[in-house]
Amino acid sequence: MPLNPKLSKLLETDFAQIYALPLEQQRDWYDHSWDDCKGSLVEVGNVQDITVTTSIRDTRIRVYSPKGDGPYPAFIWIHGGGFVFGNIEVYDPICCRITAAVKCTVISIEYGLAPEHKFPQPVEECYQTVHWIFEHAERLNILASQIAVGGDSVGGTLAAVICQLSRDSGEFKLVYQVIINAMLDLLGATEPKSRVENVEGYRLTTKGIKWFVSQYLNEASEARDPLASPLLAEYFGELPAACIITSEYDPLRDEGEMYARRLNAAGVEVCLKRYDGVIHGFFNMQETLEEAQNALALVCAKLTEVFGKELQ
């Protein structure tokens, strides 16, 4: 379908010029680029920041607890930003809304960014943080038997990798995964057509993807590692059920849908939803896009459903 006209003004921005700025200016631009569209905070029971010590660095997490006594199911959220941008604050409204709608605890991870923290450091940091959350479930007033994970863009990438790692290690068991507009094949080894169809003009470009990947990886050959590109894994069975969301005008659209098909073929229950007329990053545009509101409602409904099943 045609591009949503509400995106026309945003797409007048010359995003290519952003990559020429010094890194800190790029990050500041990204953080504030969502201010007019991400929406306001909704009230939750409590919000606190905690520092988790991992082998990579001291990692900040933000814990959003619903009103009431608990213990609660938990949804671990990993932010997007191409491994280079982003932080907890950018997705603060999203996390509050999920907490209130699902009545679960949401825990947002602020992992180290590239190029300061290259592959596989963000993977290791997020995995260790998720492991810490399981080990400290009582302290966090959450149910270790009801923990899901998800993220937007490369947050979805990291969430998918964590699900594969947890399956293989057996150290903890996740009950669900939410993958939104994720980069699952870093260098496009599977030749996704969406990287050609949506090569430029829709905020995230194919050239931009290559730049983000170059900041994240130490060398291009690492892109074939399933810890970097979870779509390239050999085995997709025994993974948590998934909600996978894609966008029509996103260069990453096809790899998300391919990941859904591979999970489904391996016997994993998948809810796949493509939102037409929108671009990469639309999920954070809760103030301006009905599609974003519908996608958030879908995520909340699926989390409510899976947490309800676990309680039975």
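Determine if region 290-306 includes at least one residue that is polar (S, T, N, Q), modelled with pLDDT of 95 or more and buried (at least 19 other Cβ atoms within 10 Å of the Cβ).
no
Listed by first and then second residue, the pairs with beta-carbon distance under 6 Å, at least 6 apart or on different chains, first residue in region 246-270 and under 15 Å from Glu191 (Cβ atoms), second among the charged types (D, E, K, R) and buried (at least 24 other Cβ atoms within 10 Å of the Cβ), are Glu255/Asp185. Just one of (1) part of a helix (DSSP H, G or I); (2) surrounded by 19 or more Cβ atoms within 10 Å (Cβ to Cβ); (3) aromatic (Phe, Trp, Tyr) fails for Trp211. It is (2). For region 283-312, a residue qualifies if it is under 15 Å from Ser247 (Cα atoms) and without any contact (Cβ under 8 Å) to a residue 60 or more places away in the chain, and the qualifying residues are Glu290, Ala292, Gln293, Asn294, Leu298. Being modelled with pLDDT under 95 and either surrounded by 19 or more Cβ atoms within 10 Å (Cβ to Cβ) or farther than 24 Å from Cys126 by Cα (or both), is that true of even one residue in region 70-88? For region 70-88, residues modelled with pLDDT under 95 and either surrounded by 19 or more Cβ atoms within 10 Å (Cβ to Cβ) or farther than 24 Å from Cys126 by Cα (or both): present.
Contact annotation: residue pairs with Cβ atoms under 7 Å, 6 or more positions apart or on different chains, pairing a residue in region 166-189 that is closer than 13 Å to Ser153 by Cα with a partner that is part of a loop (DSSP other than H, G, I, E, B) and among the acidic types (Asp, Glu), are Asn181/Asp250.
When region 14-53 is filtered for residues that are outside any strand (DSSP E or B), among the hydrophobic types (A, V, I, L, M, F, W, C) and more than 25 Å from Phe282 (Cβ to Cβ), the ones remaining, listed by number, are Ala20, Leu23.
Against the criterion of being in a loop (DSSP other than H, G, I, E, B), touching a helix residue (DSSP H, G or I) at 6+ places or on another chain (Cβ under 7 Å) and buried (at least 21 other Cβ atoms within 10 Å of the Cβ), Gly150 does not qualify. What do you reckon, is Ala260 closer than 24 Å to Ser166 by Cα, assigned to a helix (DSSP H, G or I) and out of contact with any Asp or Glu (no Cβ under 7 Å at 6 or more places or on another chain)? Considered against the rule, which asks whether it is closer than 24 Å to Ser166 by Cα, assigned to a helix (DSSP H, G or I) and out of contact with any Asp or Glu (no Cβ under 7 Å at 6 or more places or on another chain), Ala260 comes out as yes. Sort out which residues of region 30-40 are exposed (fewer than 15 other Cβ atoms within 10 Å of the Cβ) and either within 29 Å of Tyr127 (Cα to Cα) or free of Cβ contacts under 8 Å to residues at least 12 places away in the same chain (or both), and write them in order of number. Of everything in region 30-40, those that are exposed (fewer than 15 other Cβ atoms within 10 Å of the Cβ) and either within 29 Å of Tyr127 (Cα to Cα) or free of Cβ contacts under 8 Å to residues at least 12 places away in the same chain (or both) turn out to be His32, Asp35.
Taking Ala223, is it modelled with pLDDT of 95 or more and in a helix (DSSP H, G or I)? Yes, satisfied. Just name the residue that is surrounded by the fewest Cβ atoms within 10 Å (Cβ to Cβ) out of those in region 103-117 that are in contact (Cβ under 8 Å) with a residue 12 or more places away in the chain and part of a loop (DSSP other than H, G, I, E, B). Selected residue: Pro115.
Of the residues making up region 177-206, those that are assigned to a loop (DSSP other than H, G, I, E, B), within 16 Å of Met258 (Cα to Cα) and not charged (D, E, K, R) are Asn181, Ala182, Met183, Leu184, Leu186, Leu187, Gly188, Ala189, Thr190, Pro192.
For region 1-46, the tally of residues that are of a type in the set (Lys, Arg) and modelled with pLDDT under 95 stands at 2. Beta carbons closer than 8 Å, at least 6 apart along the sequence or on distinct chains, pair a first residue in region 1-14 that is farther than 14 Å from Tyr275 by Cβ with a second that is exposed (fewer than 15 other Cβ atoms within 10 Å of the Cβ) for Leu11/Gly201. Select from region 162-176 the residues that are crowded, with 24+ Cβ neighbours inside 10 Å and not in a loop (DSSP other than H, G, I, E, B) and list them in ascending order. Listed by number, the residues that qualify are Ile162, Cys163. Scanning region 54-73 for residues that are without any contact (Cβ under 8 Å) to a residue 60 or more places away in the chain and either in a strand (DSSP E or B) or of a type in the set (Lys, Arg) (or both) returns Asp58, Arg60, Arg62, Tyr64, Lys67.
Can you confirm whether Ile61 is buried (at least 18 other Cβ atoms within 10 Å of the Cβ), more than 25 Å from Val175 (Cβ to Cβ), in contact with a helix residue (DSSP H, G or I) (Cβ under 8 Å, 6 or more places away or on another chain) and of a type in the set (A, V, I, L, M)? It is false that Ile61 is buried (at least 18 other Cβ atoms within 10 Å of the Cβ), more than 25 Å from Val175 (Cβ to Cβ), in contact with a helix residue (DSSP H, G or I) (Cβ under 8 Å, 6 or more places away or on another chain) and of a type in the set (A, V, I, L, M).
The values are calculated or read from the model by the stated rules, or taken from the named source; none is laboratory data. Fair warning: this is a prediction, and the values are worked out from it, not measured in the lab. We place every Cβ from the backbone using ideal geometry, glycine too, and count neighbours over all the protein chains shown.
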